[in-house]
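A.B. asks: Handing you a structure now.
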Amino acid sequence: MADPSGFLKHERKDAPKRPKPDRLADWREVYLDQEPAERDKQVRGQASRCMDCGIPFCHSGSAGCPLGNLIPEWNDLVRVGDWSAASNRLHATNNFPEFTGKLCPAPCEAACVLAINPLSGGAVAIKRVEEAIAEVSWEKDLIRPRQAIVSSGKKVAVVGSGPAGLAAAQQLTRAGHEVTVYERDDRLGGLLRYGIPEFKMEKKVLDRRLAQLREEGTRFVTGCEVGGSEPGDLSVETLKAQYDAVVLAVGALRGRDAPEIPGRALNGVHLAMEHLVPANKECEGDGPTTISARGKHVIVIGGGDTGADCYGTATRQGALSVTQLDQYPQPPTARDDDRSPWPVWPWILRTYPAHEEAGERRFAVAVESFVDDGEGNVRAVRLREVRVRRDPVTGVREVTPVNDHVEELPADLVLLAIGFEGVEHMPLLDGLGLSLTARGTLSCGSDWQTRSEGVFVCGDAHRGASLVVWAIAEGRSVAGAVDAFLTGHSDLPAPVIPTALPLAVV
């Protein structure tokens, strides 16, 4: 077992970043490319901080990792330098550890026993160890295609190629089913491709994993709208006729808008994805983006991950200024045990690498209106200081100004990153006889099956906009349900159930 005093011998050290001027000059990932020997030495030291804590909350599905990653086990294998065994242990529970190692906000670290008290030096750098295991696995050729030994003779269609759809497809292919993934975009990956900026995860990381899926036998069809009527699309009738089961992993991409704000219709005010998608396509070599921040004062409305992605994208595009606005007060820098006691996800100030590079953040403010330049373009935003509260009876969120002062900030480009409202309205759902819940998601039974027989759902389409680790967990779980539906029994792992929720204080 791990060294119980390792955290006393080694300080927590996150992966080193490239210099800020270098990061702003290109689209490469923000972290420094270390020599493998030095990286391995540092990561082994970080893995040594994992202690024999008795009850490892880090891999608890309710408080830590919904995948059930056996973190203490692969930490100890890394500590002793057994990278091959660590790779096997990690891939046993996670199809795509390089995705989670780069993109997951790490509820496992929030639930680490060393996160209880700051005097411990902080949680184990689990994400860093996880990503290192994945990279070493590729470098040492430890990741090989795993073809099924026996074919089931069953065909499965997976609609959507984000992390949930890819996880489901890989598991089902390995179980012996003939799996075809349909993607309406011109390239595979969903939000991994066109929502996540290159500086957070270079797309070569995604492409090498897709190559593994192809070698295992998964088929992919791009540029195909399932349920659509254009040439190259797949009708619902054909879908039902050709496949024994269908997995809907269509995401929750319907962006939340703010039509009530005066001036919303002005040119230069956009939803976040309208900015991120063409920016990512430019990085793919598809030509200049249609919405560039170059030479503009940029306002990003929304304080979450998507807002930070817009923030970093705008600075790299050459914005004159970038300001991110958040209606909520600035969180504390350390966990407030009264509000979010360990091991729940803490309410703290989260600073992304993009925030370190340029621009500023403003808290407890809301946009009162967008200002017209006289020609139909936005030229400024008017702000008010606000207080956010939730009505104790109705639960409705109320945003109220705290005074009469109005501040005006220059704005040539405004990006609304205020969340997602759920699954987009699409002909496929009507064709399958499915309707959305009040939360904008697709409901299912305990077996992940919708009310349309043989049609299953997973990922954000079922859960609502969530974390990459939950998407993979649901993809793995729905694969087990589909396998059982087709064969009567399944040995595929199912780390979560449809009603699973992270531990939270309510």
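The values are calculated or read from the model by the stated rules, or taken from the named source; none is laboratory data. Predicted, not measured: the structure shown is a model, and the values here were computed from it. Using ideal geometry, Cβ is built from the backbone for each residue, glycine included, and neighbour counts are taken over all protein chains shown. Side chains included, ligands, DNA and RNA excluded: accessible areas come from the protein's heavy atoms. Shrake-Rupley method; radii C 1.70, N 1.55, O 1.52, S 1.80 Å.
A.B. asks: Report, ordered by the first and then the second residue, all pairs with beta carbons closer than 9 Å, sequence separation of six or more or different chains, a first member in segment 209-235 that is farther than 21 Å from GLU424 by Cβ, and a second member that is among the aromatic types (Phe, Trp, Tyr) and part of a helix (DSSP H, G or I).
C.D. replies: Every condition considered, the pairs that remain are ARG209/PHE99.
A.B. asks: Additional query: What are the residues in segment 417-445 that are part of a loop (DSSP other than H, G, I, E, B), open to solvent by 50 Å² or more (accessible area, probe 1.4 Å) and closer than 23 Å to THR238 by Cα, if any?
C.D. replies: Once the filter is applied, which keeps residues that are part of a loop (DSSP other than H, G, I, E, B), open to solvent by 50 Å² or more (accessible area, probe 1.4 Å) and closer than 23 Å to THR238 by Cα, segment 417-445 yields GLU424, HIS425, SER435.
A.B. asks: Return the total of residues in segment 4-17 being surrounded by 18 or more Cβ atoms within 10 Å (Cβ to Cβ) and out of contact with any Phe, Trp or Tyr (no Cβ under 7 Å at 6 or more places or on another chain). Working first, answer last.
C.D. replies: Of all residues in segment 4-17, those surrounded by 18 or more Cβ atoms within 10 Å (Cβ to Cβ) come to 6-7, 10, 15.
This time we only want the ones that are out of contact with any Phe, Trp or Tyr (no Cβ under 7 Å at 6 or more places or on another chain), so: 6-7, 10.
Number satisfying all stated conditions: 3.
A.B. asks: Give me the helices (runs of 4 or more DSSP H) completely within segment 137-246, filtered to those with at least 1 residues that are out of contact with any helix residue (DSSP H, G or I) (no Cβ under 6 Å at 6 or more places or on another chain), within 24 Å of HIS462 (Cα to Cα) and open to solvent by 10 Å² or more (accessible area, probe 1.4 Å), ordered by residue number.
C.D. replies: Working: elements: 163-174, 191-194, 203-216, 236-242.
So the answer is 163-174, 191-194, 236-242.
A.B. asks: Note down all Cβ pairs under 8 Å where the first residue falls in segment 125-141 and is over 15 Å from ASN94 (Cβ atoms), the second is outside any helix (DSSP H, G or I) and open to solvent by less than 10 Å² (accessible area, probe 1.4 Å), and they're at least six residues apart or on different chains.
C.D. replies: ALA125/ARG49
A.B. asks: Just to check your reading of the model, which residue among GLY318, GLY359, GLY287 is at positive phi and in contact with a Lys or Arg (Cβ under 6 Å, 6 or more places away or on another chain)?
C.D. replies: On the way: GLY359 fails: in contact with a Lys or Arg (Cβ under 6 Å, 6 or more places away or on another chain); GLY287 fails: in contact with a Lys or Arg (Cβ under 6 Å, 6 or more places away or on another chain).
On inspection, the qualifying residue turns out to be GLY318.
A.B. asks: Tally the residues that are touching an Asp or Glu at 6+ places or on another chain (Cβ under 8 Å) and farther than 10 Å from VAL78 by Cβ, restricting the search to segment 119-137. Steps first, answer last, please.
C.D. replies: The initial filter retains those residues of segment 119-137 that are touching an Asp or Glu at 6+ places or on another chain (Cβ under 8 Å), namely 121, 123-128, 131-132, 134-136.
With farther than 10 Å from VAL78 by Cβ added as a condition, the list becomes 121, 123-128, 131, 134-135.
Qualifying residue count for the region: 10.
A.B. asks: State which residue is surrounded by the most Cβ atoms within 10 Å (Cβ to Cβ) when the search covers only segment 460-478 and only residues that are in contact with a Lys or Arg (Cβ under 9 Å, 6 or more places away or on another chain) and among the small types (Gly, Ala, Ser).
C.D. replies: Looking at the filtered set, the residue picked out is ALA471.
A.B. asks: For segment 352-369, name all the residues that are touching a residue at least 40 places away in the same chain (Cβ under 8 Å) and hydrophobic (A, V, I, L, M, F, W, C). Quick ask: steps written out before the conclusion?
C.D. replies: Just the residues of segment 352-369 that are touching a residue at least 40 places away in the same chain (Cβ under 8 Å), to begin with: 352-359, 361, 363, 365-369.
Answer for segment 352-369, where residues must be touching a residue at least 40 places away in the same chain (Cβ under 8 Å) and hydrophobic (A, V, I, L, M, F, W, C): ALA354, ALA358, PHE363, VAL365, ALA366, VAL367.
A.B. asks: Looking at PRO72, is it surrounded by fewer than 16 Cβ atoms within 10 Å (Cβ to Cβ) and either modelled with pLDDT of 95 or more or not aliphatic (A, V, I, L, M) (or both)?
C.D. replies: Values: surrounded by fewer than 16 Cβ atoms within 10 Å (Cβ to Cβ): no; either modelled with pLDDT of 95 or more or not aliphatic (A, V, I, L, M) (or both): yes.
The answer is no for PRO72.
A.B. asks: Just to be sure, is GLY61 part of a loop (DSSP other than H, G, I, E, B), open to solvent by 30 Å² or more (accessible area, probe 1.4 Å) and under 26 Å from GLN170 (Cα atoms)? Quick ask: steps written out before the conclusion?
C.D. replies: Values: part of a loop (DSSP other than H, G, I, E, B): yes; open to solvent by 30 Å² or more (accessible area, probe 1.4 Å): yes; under 26 Å from GLN170 (Cα atoms): yes.
When the stated conditions are applied, GLY61 passes them.
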